[in-house]
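K.L.:
Pasting a structure here, questions to come.
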Amino acid sequence: MRKELKDFYQKVYGLSIKDYDYTYRIIKNIIEDRLAMTMQKIIKLGKKADQDHISDVAYYDFLECEYLWHFCLIRLQGIFEGILKQEFFPNKELIGLKSKVKEIERKGFIIDKYKIELIEWGKVRNKLVHEPPEQYRPGTIIESDVKKYLKFIKTLTKIIFNQKTKLGL
């Protein structure tokens, strides 16, 4: 492994709530471009290909787009965990979402209303990372799932920042 990869993290601005929308927008743009390319392929195939061939092209391109939603969900949770670390325990190495949640609760933050859903999303992310689905069965994470998570995680982040101000941290 290159030395630069071992020490690649150099904080410049730090993570912020804007990183959520930025990540979503990048993935959405890539998927839109990918789907436009699929349409171009299908048009190019035109009458030369039978319907089964065209269906296969569309299906496999759709599967690849599902994988991109996986990566988006993984990064969104990574941003959330990174924000927690940078804002509340920059010098502590806590492993896993649950340990980070326990740490902010220990500091006086109240997220009871959101905790169960946060942990459930964390389980989905862990499955994607530690037990990824097989090649042609990526699962069922679609854009609406990611949008729901995006809204949830932004709301939770804002609540935590509001509490940070109230707690004087």
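None of the figures in this text is laboratory data; all of them are computed from the coordinates on show. The model shown is predicted, which means the values in this text are computed figures rather than measured ones. All Cβ positions, glycine included, derive from the backbone under ideal geometry; neighbour counts span all protein chains shown.
K.L.:
Identify the trypsin sites (Lys or Arg not before Pro) of region 63-167 meeting these criteria: DSSP loop state and at most 10 other C-beta atoms within 10 Å of the C-beta.
P.N.:
Listed in order of number, the matching sites are 92.
K.L.:
Could you tell me which label, among (i) 153; (ii) 104; (iii) 186, carries the value of volume of the Cα convex hull per residue in Å³ calculated for this structure?
P.N.:
(i)
K.L.:
Moving on to the next point. Which value in nm describes the separation of the simple spin-label points at residue 130 and residue 43, placed 7 Å from the Cα toward the beta carbon?
P.N.:
A separation of 4.6 nm, rounded to one decimal place.
K.L.:
Could you give the length gained by full extension between residue 26 and residue 5, i.e. 0.36 nm per residue of separation minus their alpha carbon distance, to one decimal place?
P.N.:
Going from the current span to full extension adds 5.2 nm.
K.L.:
Continuing with the same structure: Given the Cα-Cα distance of residue 103 and residue 165 and 0.36 nm per residue of separation, how much length would full extension add, in nm?
P.N.:
Length difference between fully extended and current span is 20.6 nm.
K.L.:
If the limit is 28 Å between Cα atoms, which of 18/107; 6/147; 41/151; 6/154; 48/147 go over it?
P.N.:
Going by Cα-Cα distance, 6/147; 41/151; 6/154; 48/147 fall outside the 28 Å limit.
K.L.:
For a quick check: sort 129, 101, 124 by the number of other beta carbons within 10 angstrom, fewest at the front.
P.N.:
Fewest-to-most ranking of 129, 101, 124: 129, 124, 101.
K.L.:
Would you kindly state how much longer the chain becomes between residue 17 and residue 60 on full extension, computed as 0.36 nm times their sequence separation minus their alpha carbon distance, in nm to one decimal?
P.N.:
Fully extending the segment from residue 17 to residue 60 adds 12.2 nm.
K.L.:
Would you list, by chain and number, the aspartates and glutamates whose Cα falls below 18 Å from the Cα of residue 47, excluding same-chain residues fewer than 8 positions away?
P.N.:
Those aspartates and glutamates meeting the cut-off are 56.
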